[in-house]
Amino acid sequence: MDNSGGKLARQMGFFERYLTVWVFVCIGAGIVLGRVAPGMARYLDGLSIYVKGAPVISIPIAVCLFFMMYPIMVKIDFASAVKAGKSGKPVLLTPFVNWAIKPFTMYLISLVFLGLLFKGLIGPDAVDLSRCPLGWICR
């Protein structure tokens, strides 16, 4: 019987083991912060890079994502990365998926959730930020 799952669980730290819990705790904390201290939420939202009036990059989220990914980045075995890069298929497939497929699927998902499902919760002003393509009615 293979016990590799048990070994992996022992190698993972407390934070990594319960990452899903931490994500939900942070989502909950963000919701509570928005309700309890709306001024703070507006301030954090104001720390964004805007293009044509729409927030494109949230600096606080970018900083948090960097600190979330940094520990993983420093543990990269570059010899294995070079070995993996010698095979052309994954090297070509990854940029194709990231640049040709993901942006359109993420946009479609945002339209479904922000433009349809949660439209009543976020209000029509925020729906306008997720512009509807092809003349779709999102208001």
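List of remarks:
- Residue within the stretch 90-107 that is more than 22 Å from the chain's Cα centre (by Cα), over 30 Å from Ile31 (Cβ atoms) and not β-branched (Val, Ile, Thr) present: yes
- For the stretch 25-62, the set of residues classified as among the β-branched types (Val, Ile, Thr), within 16 Å of the chain's Cα centre (by Cα) and surrounded by 11 or more Cβ atoms within 10 Å (Cβ to Cβ) consists of Val25, Ile57, Ile59, Ile61, listed by residue number.
- Test: residue in the stretch 65-84 that is modelled with pLDDT under 85, exposed (fewer than 11 other Cβ atoms within 10 Å of the Cβ) and more than 27 Å from Leu19 (Cβ to Cβ): yes
The values are calculated or read from the model by the stated rules, or taken from the named source; none is laboratory data. In this text the structure is predicted, and so the values were computed from the model without any measurement. Every residue, glycine as well, gets a Cβ built from its backbone with ideal geometry; the counts of neighbours run over all protein chains shown.
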